[in-house]
Structures are given as C-alpha cells and as structure tokens.
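For reference, the structure discussed in these notes is given below.
The values are calculated or read from the model by the stated rules, or taken from the named source; none is laboratory data. Keep in mind it's a predicted model, so treat the numbers as computed, not measured. Here Cβ is always computed from backbone atoms with ideal geometry, including for glycine, and neighbour counts include all displayed protein chains.
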Amino acid sequence: MAESLLSVHSVSKSFRGLRAVAEVSFDVEEGHIVALIGPNGAGKTTCFNMIAGAFVPDAGEIRFAGQRIDGIRPDQVCLAGIGRTFQLVKPFAGLTVLDNVIVGALRRNSQVGVARRKAQAILERLGLAEKRDQPASALTLPDRKRLEVARSLATEPRLLLLDEVMAGLRPTETDQMVAVFRGLNEEHGLTIVLIEHVMRAVMALSREIHVLHHGELIASGSPDEVVRHPAVLDCYLGEEAV
Amino acid sequence: MPLELVANVTLAGLLTGLVYGLMALGLSVIFGVVRVVNFAHGEMMTIAMYAAVVLFAAFRLDPFIALFPVAAAFFVFGYVLQAGLINPFITRPEHTQFMLVLAVAIIMVNGLLMAFGPDARNIPVDYALESFSIGPLLLDTVRVYAALAAVAIAGGLFLFFKFTATGRAIRACADNYLGAKVVGLDVKKYYALTFGLGAACVGAAGCLMVLLVDVTPLLGPGYTLLAFIIVIVGGLGSMPGALLGGVLIGISEALAGLFFSPSAKSMFSFALLILVLLFRPQGLLGKRH
Amino acid sequence: MKALIAATPKRALVLMLVLAVVLLTLPAFANAYILSVAVLILYFAYLGQAWNVMMGFCGQLSLGHSLYVGIGAYVSAALFVHFGIPPWLGIWASVLACMAAGAAIGVLAFRFGIGGVYFALLTIAFAEFTRIGFDHLDWVGGSGGFFLPVTQREFNDVLALRGSPAMFYYVMLALTAAAFAFCTWLLRTRIGYYWQAIREDPDAAQALGINTFRYKMLAVVVSAGMSAFAGVFFAFYYNNLFPEQIFSMSRSIEIILGPIIGGTGTLFGPILGAVVLTVLADGITELMAVFGWEIPGVKQVFYGTCMLVVIVFLPNGIWPTLARRLGLEHREEGHHNG
C-alpha cells in the first residue's frame, strides 16, 4: 500500500504542564476527506497547529509526502503543500476580497497578473466573485469563512486543513460549503482534513473520522462505525446523534 | 580612582534610582494592566516637576508636602485621560493608541516650552546642601529623603494591590480582560482607576525628582524612554522589578557618568535595553508569557 | 502603465497634470522664501514616503527614522570633507551604510520576535544611542558640528550638489517623484502584496507561505536605503550637521507626522500630509511674527494637535476621505490603494 500523504505519529504536546495532545497517531490517504471530532478542548486545533507548523510537538513525528514536517515554519509547511484555515477567521481586513486571494495565489504564481486571474477563478468557485472589490472587513461571517478557504485554496495545496469552517453557518450555507469541498475533492483530488462540530457536514463529507477526547485518540473508523462507538457516544455525541 | 568616590557615586545612583523606580512603577502599572503604551510618561513627570516648582515659588511649599496635592491632581488627570481619550480607542489597533498618547506627549512638552521657556529651574530648599555622613560615605540629605519617600509610596501601592478588593480587581483585569468582564467587573472603570494610580505615582516621583535634578521642558522624552527601559529591564508586571530596574539604571548611569562622560550615561541604559530585549525580554523579575 | 492610466478617473489625471506643470515651473515665478518652503515640503514628502514603506506597507513602526537620515548625511559628508568624494559617489556609501543599519536592527528585532511597541522602542533606542555616539565622534565634528565647505558657483553642479536653490528644488522634486513612482510600482508587485499581508495579519500571512522575516527585513532595508538619499540632500543643502539635531527624536517625529496625517499605507498620504503640515506650520509662524510673538514650541503644539485630531476623527488620515469626496478614487478592479 502506498505511503499515506499525511502521517501523524505519536505526537504529544503539553502547555505548562497541561497535556493538550497525548500520543495521537493517524494517517490520511491522498484524496480522502477525514474528520477530526471531539469535545472542546480535546486537542483538535492543537493537532492542526502542530501539522501547520505553528507549534512544535514535544514528541512524535509528522510526515507529509514522505518528508518530516514537524518543527518547520508555517510558511515552509505551506510551501510543502498544506493549506490551513483558522478557527477564528483572519482576513486581511484592509485589503479587498480579491487582493486577499491574490496574496494566496502569489505563493505559486509570482506574476501578479497570473495570480489575479487564478484568484478570480477561485472566488467564482466559492461564490464570492461579485464581492471581489469589497474590503474584506465588510464581509459577513459566512463570507469571511469562504474567503478564508478561497485564500488557502489559492496556494494550490495538496492537503487542506479546515478548522471549524461550518460554525455559525445556516443549514443551506453548510450544504453549499459541503458541495464545494466535495467538488474540489472529486475533481482535483484535494485531500481534506476537517475539524468540525457540525455533524451534518462531517457525515456528508468524511470517509474516515478520528475522535479526540482529553488529548487522546479514542476512536477511528468510518462514519457509521464511529457514531455507534460507545466511547464516542459517552463523551461527545450522546444518544440522540445516532 | 578612590574607592570612596566610587562608593559615594554608586550610592547616589542607587538613591536616585529609587526615585526613577517610582516613576517606572507608574508606567509598569499603566502598561502592565491597561496595556497602554504611555508615551507621555516622561512628559507627565516633567509637568509634575514644574508643578512642584510653581507650588514652591508661590507658596513655599516643600516638595515633600506638595507631593500630596500633585499626586491627587495627577490621579484625576490620569483617570480622565484614560476614560475620555483612551478607553474609547481600546478596540483600535495597537499603534493607534500609541500615536494618540504620543500626540498628547508632543503637546505637553511644547506646552511646557511655551509656558516656561527652555531655561532650567530648580527648587532651592533649605536643606538642599546638607548631607549625612556614615563613615567614609557622604549622602545628600535630599537624596536620602527622596529615596525613602519613593520606597514608602511604592510600598503603599504594593499593599494596595495585594490586600484591597479594588487592587485585586485591577489585577484580575490585567490578567484576563475577558474573564474579568465575564465575572462582571467594570473593566473600563478599573482601567481608568489604574491609569489614575499610575499617573499619581508619576506625580509623586516628579515632586521628588525636582529636588535632585533641574527641570527643563525637554527632559520629557528622555524620561519616557528611561521609564520604558526600566520597566522592560525590571520586568513588565513586576512591581519590585520596577524598583530593581530603577536602581540598576540609576547606578549604571552614575558610574557611566563617573568613568566616561556625563553624556555617555544614557548609552549604557540603551545598551542594557537592547540586551534585555534580545536575551531576556520578560525582564529580570517579569513573568514569561 | 497604460492600465494604470486607464483605471484612474479623468479628474485625477487632469489634477495631476496641472500639479506637474506647477511643480516643474515653480522656480520661475516663486520668490526665494516660497522656494525654500517648497523644498522643505518635498523633503518631508520624500522622507514620509520612505518611512511609509516600512510602516504603511509592512506595518513595522519605526520611531527612530532620524537614524538613517543622520547616517546618510554623515557618511557622504565625511567622504566629501575628508576624501573629496563628490556626493553622487558618496551617496552609494550612504545607502549601503543605512541599509546595514536597518538590517542590523531588523535582524536583532525580528530574529528575536520583537514587534509592535517593543520594536518601536528599539528603533528609538538605536537612534538615541547613535546620537550620543556621534556627539563623541570627533572625526566628524562631534557635538560641535560638522561643516561642509560652501563655495560660490556661477553654475549648477548637480553631481556635486552645489548650486542655486532652484537646483536643490529640482533635485528634491526628482527624488520625491521617483519615490512616488517606486512606491506605486512596489505596491503592485508580489512584494507589495506580501508586505500588506504581513501588516494586516502576520499569522495568516505565514499560513499562506510568506516568509515574514525575509519580507520584514526587506521593508526595513528598503526604507532605510531610501532615507539615505534624504540625508545626503540634507547635508549638502544645509552644509552643517549636528548630532543633537539630525538624530534627535523630534526629527523622527517630524518624519512620521506627514504620513500619519495624510494617511499611512496610501501613496498620496505622505505627500498630502507634508504639504498640509508645512504650509500650516509656516503659516502659524508667519502669523505670530506679524504679532511679534516668538514663542518656541508653538509649532510643535500645533503638530501634536493635528496628529491628535486626525487620529481621533480620521484614523486613516486625510487622504482617503479627501479622495472619496473629490471623486479621485481608482476604479481599478481589485487593488485600489491610492
């Protein structure tokens, strides 16, 4: 079997004595969509931050396309092919929507003109094209989330880390986002790892789910397996989710 | 170089440093709690010094007594400045607040220049030329009294923060803005209170400083920089740190003035700042973030 | 270039054309006093743009910019006085020296993660440190001052920066125009975009693959290098240099006033700010002279008040609001930072 695209192996991270992530391991195959779920404080975003280079793991290894990426800078992680969004969106408020995405596109296209064309295309895909000249600060939250995704997509990643992008969206908006991601995954083979609380999206998109609780991985498997897993029901989903 | 000279100079530097420390304490409180970069700190100090000069000239009020009304006035001024000008800008980017206070500082310095002219002023108290002698050491009376007053005031502030309910509330606001709001503390009011307290420290320090140094309007920026250096060296958020930093700077300035030249003394302070920022940004006694 | 012109509203183009004509012919109809004020305006407009590269574009607050002006001035002045090297050669040494100084500050600050306020304090410390250092540097006159020999010439020698006030005016005009063109170009390149991204949100910028250290360093070095030109101009225009004067904190503040009032991060902001401040400040001084008042400090109180008013009511500076009111905004798709 071919090596996984992303391989997180026994990573741990503590903050001032508090164990945030404890020996978590999981693999992500190329072209899959994988979800990371669990209660708040379970260590999901910390995992993302370690993959994205914002934190250095205290122990363990993270490999992407065969190369070790734990401990390298966030911009180097992007260069390697991993894009990420932030849980609390970080738009470039003083720039227009289009300019925001151009910044992303410039990673792989050093000519501004080319970057602009690619950015336009991405905005259209995410349904933000008419708002392209507006300042990013003028966008609503759902649009800001879309912008965050567009910007990251512009860096032409092989793997996209999505941190709670569905939070605060209405069901129709959620379905739209799900359609976009599914499209990107099916047409371009984009690998996606998402942290999500919105189970509707998780169930619709994921091929595999990993469940974290108190920094530990307590369950892994297909969506159907995970939602029936007793430990998962106990700590997170509750009886009604099934 | 006779040892006695070095010892006397060091001691003088230490005593002056304690007054510096009181000034820096005001900034530590303001910057540490309210997170306002008070670029007008030195200018406020200079205004306090002039206030003492004026009160002495008009009423023959000894600066140690003038200290009280001046500190009170500064408390009010600080409270109003924070509540009226800075609180409304809390959500703005950091450098906006910075520039705002800088603008206030520019107005202050030059206002003083307009009012008093560039010539130096001082306070000729009766005991200005007296000194104690302890063995071979010679201590200026004014310097000793000023240092004692500085320590007393700093001590009082320390007790306030440690043991009163208001003091604890202020510390809560400093540690966790959001958390403090959640438990219902009126953070903006405490910010204003804190700025007032910090300003009062400066007011008192100014009254003490003018006994040691002649005042001109142009001292402002130098003191602002000095206050920041002391706070950074001593450690942000640490009250003993501010005093320790003040003492260190006071001594290094005095010794630099002795061994090199008077104008070189600030160079050492700057060098110290650069070193601390690079190698121990939390300062000597500060908490690591 | 064509796209740029096409995207600019007609009004703005006409205005710029008129302005260009006025500026180019000014020495013909202005008296010596107005010419000297014009030189001052251009000087601050130029320096404001240099500072703006670091702060307005990249978000790094420098409050010790007088450091670069001073180093630029002293290096080429020293080369001229001690070795007879003319300014058009000496300038390159100045630029290198300033870039090195900027690089030193940048490396120290950014490697150690110092930003925001602490960075600003660091820049102040370096400027003050250098000021005191030069006070003791007798090779360039120390605190007593460094003087450049002035000779009477019948003709203008641009390369030696010796000539009539009109010559200096045109030199400064050329520099300011070049800076404007340079900044306009920069903003439209990848560097410009990356700088703005860093200014807006360094973490998000990193996540998009931007090496923030490298680009921040670039901003500091470019800004410092640009400032060197102003320093050289200063040295050969005024012909005397005093550390207390040229490295002082007041100079640093004067440099930033124009961009803040005009609008940091914009292209016209620093220029507009320089015009407004210099004209008004001079107006006040003249007015006071009429009444016979010679009070030191009035000008600075005025500066401080302007700064206060602008920050409170027009935090983005005068230019953005003015441009909107006069209908001068670019209609270009996307990028509109004029």
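Points worth noting:
- Within region B:107-131, residues that are within 14 Å of chain C (Cβ to nearest Cβ) reach partners that are assigned to a helix (DSSP H, G or I) with beta carbons closer than 6 Å, at six or more positions or on different chains, in the pairs B:Ile107/C:Val301; B:Ile107/C:Gly304; B:Met108/B:Glu43; B:Val109/B:Glu43; B:Val109/B:Gly220; B:Asn110/C:Gln300; B:Asn110/C:Val301; B:Gly111/C:Val301.
- Residue match in region B:118-140 (condition: in contact with a helix residue (DSSP H, G or I) (Cβ under 6 Å, 6 or more places away or on another chain), assigned to a helix (DSSP H, G or I) and surrounded by 15 or more Cβ atoms within 10 Å (Cβ to Cβ)): no
- Selected residue (only one of C:Ala109, C:Ala101, C:Ala120 is modelled with pLDDT under 90, within 21 Å of the chain's Cα centre (by Cα) and within 14 Å of another protein chain (Cβ to nearest Cβ)): C:Ala120
- When B:Leu243, B:Leu226 are screened for being within 23 Å of B:Leu11 (Cα to Cα), part of a helix (DSSP H, G or I), in contact with a Leu (Cβ under 7 Å, 6 or more places away or on another chain) and more than 10 Å from chain C (Cβ to nearest Cβ), only B:Leu243 passes.
- If you go through region B:1-14 and keep only what is assigned to a helix (DSSP H, G or I) and either charged (D, E, K, R) or without any contact (Cβ under 8 Å) to a residue 40 or more places away in the chain (or both), you end up with B:Leu3, B:Glu4.
- Residue match in region A:85-92 (condition: facing another protein chain (nearest Cβ under 9 Å), without any contact (Cβ under 8 Å) to a residue 60 or more places away in the chain and more than 27 Å from A:Cys47 (Cβ to Cβ)): no
- All of B:Gly32, B:Gly78, B:Gly26, B:Gly17 fail the test of being farther than 14 Å from B:Ala199 by Cα and assigned to a helix (DSSP H, G or I), apart from B:Gly17.
- Considering only residues in region A:128-154 that are of a type outside the set (D, E, K, R) and within 23 Å of A:Ser206 (Cβ to Cβ), the one that is modelled with the lowest pLDDT turns out to be A:Pro142.
- Listed by first and then second residue, the pairs linking a residue in region B:174-194 that is within 21 Å of B:Gly78 (Cα to Cα) to a residue that is surrounded by fewer than 15 Cβ atoms within 10 Å (Cβ to Cβ) and small (Gly, Ala, Ser), with Cβ atoms under 7 Å apart and 6 or more places separating them unless they lie on different chains, form an empty list.
- With respect to (1) surrounded by fewer than 17 Cβ atoms within 10 Å (Cβ to Cβ); (2) closer than 21 Å to A:Gly94 by Cα, the lone exception for C:Asp201 is condition (1).
- Among the residues of region B:50-79, those that are surrounded by fewer than 17 Cβ atoms within 10 Å (Cβ to Cβ) and touching a residue at least 40 places away in the same chain (Cβ under 8 Å) comprise B:Ala72, B:Ala73, B:Val76.
- Residue match in region C:63-86 (condition: modelled with pLDDT of 95 or more and not in a helix (DSSP H, G or I)): yes
- Looking only at residues of region A:94-105 that are within 8 Å of chain C (Cβ to nearest Cβ) and touching a residue at least 40 places away in the same chain (Cβ under 8 Å), we find that the one that is surrounded by the most Cβ atoms within 10 Å (Cβ to Cβ) is A:Gly104.
- Residue match in region B:202-214 (condition: small (Gly, Ala, Ser), within 14 Å of chain C (Cβ to nearest Cβ) and assigned to a helix (DSSP H, G or I)): no
- Only one of the numbered conditions (1) within 14 Å of chain C (Cβ to nearest Cβ); (2) within 19 Å of C:Gly209 (Cβ to Cβ) is not met by A:Gly71, and that is (1).
- Note on region B:81-103: residues that are assigned to a helix (DSSP H, G or I) and either over 23 Å from B:Pro217 (Cα atoms) or facing chain C (nearest Cβ under 7 Å) (or both) amount to 16.
- Complete set of residues in region B:60-117 that are at pLDDT 90 or above and among the aromatic types (Phe, Trp, Tyr): B:Phe64, B:Phe68, B:Phe74, B:Phe75, B:Phe77, B:Tyr79
- Looking only at region C:193-229, residues that are among the acidic types (Asp, Glu) and either assigned to a helix (DSSP H, G or I) or more than 10 Å from chain A (Cβ to nearest Cβ) (or both) come to 2 in all.
- Test set (1) within 14 Å of chain C (Cβ to nearest Cβ); (2) under 30 Å from C:Val301 (Cβ atoms); (3) touching a residue at least 24 places away in the same chain (Cβ under 8 Å); (4) assigned to a helix (DSSP H, G or I) - B:Val276 fails condition number: (2)
- Enumeration of residues in region A:153-204 that are charged (D, E, K, R) and farther than 20 Å from A:Ala52 by Cβ: A:Arg170, A:Glu173, A:Asp175, A:Arg182, A:Glu186, A:Glu187, A:Arg200
- Qualifying residue in region C:257-270 (condition: at pLDDT below 85, surrounded by 21 or more Cβ atoms within 10 Å (Cβ to Cβ), under 30 Å from C:Ala100 (Cβ atoms) and within 14 Å of chain B (Cβ to nearest Cβ)): yes
- Test: B:Lys181 is more than 14 Å from chain C (Cβ to nearest Cβ), part of a helix (DSSP H, G or I) and touching a helix residue (DSSP H, G or I) at 6+ places or on another chain (Cβ under 8 Å): yes
- Scanning region A:183-227 for residues that are aliphatic (A, V, I, L, M) and in a strand (DSSP E or B) returns A:Ile192, A:Val193, A:Leu194, A:Ile195, A:Ile209, A:Val211, A:Leu212, A:Leu217, A:Ile218, A:Ala219.
- Checking each residue in region A:107-117 for being facing another protein chain (nearest Cβ under 7 Å) and in contact (Cβ under 8 Å) with a residue 12 or more places away in the chain picks out A:Arg107, A:Arg116.
- None of C:Thr321, C:Thr278 is in a helix (DSSP H, G or I), among the polar types (S, T, N, Q), within 20 Å of the chain's Cα centre (by Cα) and at pLDDT 85 or above except C:Thr278.
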